[in-house]
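**Student:** Structure provided below as structure tokens; questions to follow.
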């Protein structure tokens, strides 16, 4: 299953990249985050694996996230083509996911965040349900991006809004 979501954020690209890269801010915008801890390597660096625990309602999901790309290494700098890229893979019981994030300037003090997402499921029932669930996965990804935009633009913390 694959889908792409995007959002425009009223902040400069360097600021957006810095906020996304700083683990201190994750609980403020990543709805349902219980834990995000590096297992090896520094947070957010290529090759670093982290244990991630997310809660939705009464269900908890534990996964291992691996950073597979970070370009440039200092996300606040600019690449030749002006795009900041970071990518990660997430592996959980019966699921593999990849997210490819792109940050580009969308105008003065505006950033376009495009997120390409891919999911693969191990169990036959999940593989059959994936096409039906595509919309729910897409909405969840967009909700995380909207939560981040509210945090970056206005300082809104999902923990204060019941998230």
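**Student:** Output yes when any residue across the stretch 49-60 is within 20 Å of residue 145 (Cα to Cα) and out of contact with any strand residue (DSSP E or B) (no Cβ under 7 Å at 6 or more places or on another chain), and no when none is.
**Tutor:** yes
**Student:** Name the strands (runs of 3 or more DSSP E) wholly within the stretch 43-157 that hold at least 2 residues that are modelled with pLDDT under 90, over 17 Å from the mean Cα position of the chain (by Cα) and loosely packed, with under 13 Cβ neighbours inside 10 Å?
**Tutor:** none
**Student:** Please identify the pairs in which a residue from the stretch 104-116 that is free of Cβ contacts under 8 Å to residues at least 12 places away in the same chain has its Cβ atom under 9 Å from the Cβ atom of a residue that is part of a strand (DSSP E or B), counting only partners at least 6 apart or on another chain.
**Tutor:** 107/8
**Student:** Oh, and also: Restricting attention to the stretch 86-105, does a residue exist that is within 19 Å of residue 146 (Cα to Cα) and in contact with a helix residue (DSSP H, G or I) (Cβ under 6 Å, 6 or more places away or on another chain)?
**Tutor:** Scanning the stretch 86-105, I find at least one residue that is within 19 Å of residue 146 (Cα to Cα) and in contact with a helix residue (DSSP H, G or I) (Cβ under 6 Å, 6 or more places away or on another chain), so the answer is yes.
**Student:** Then there is this: Please go through (1) touching a residue at least 24 places away in the same chain (Cβ under 8 Å); (2) surrounded by 14 or more Cβ atoms within 10 Å (Cβ to Cβ); (3) in contact with a strand residue (DSSP E or B) (Cβ under 6 Å, 6 or more places away or on another chain); (4) under 27 Å from residue 161 (Cα atoms) for residue 20 and return the number of the only condition it doesn't satisfy.
**Tutor:** Among (1) touching a residue at least 24 places away in the same chain (Cβ under 8 Å); (2) surrounded by 14 or more Cβ atoms within 10 Å (Cβ to Cβ); (3) in contact with a strand residue (DSSP E or B) (Cβ under 6 Å, 6 or more places away or on another chain); (4) under 27 Å from residue 161 (Cα atoms), the lone unmet condition for residue 20 is (3).
The values are calculated or read from the model by the stated rules, or taken from the named source; none is laboratory data. What you see is a predicted model, and the numbers here were worked out from it, not measured in a lab. Positions of Cβ are backbone-derived with ideal geometry, glycine not excepted, and every protein chain shown enters the neighbour counts.
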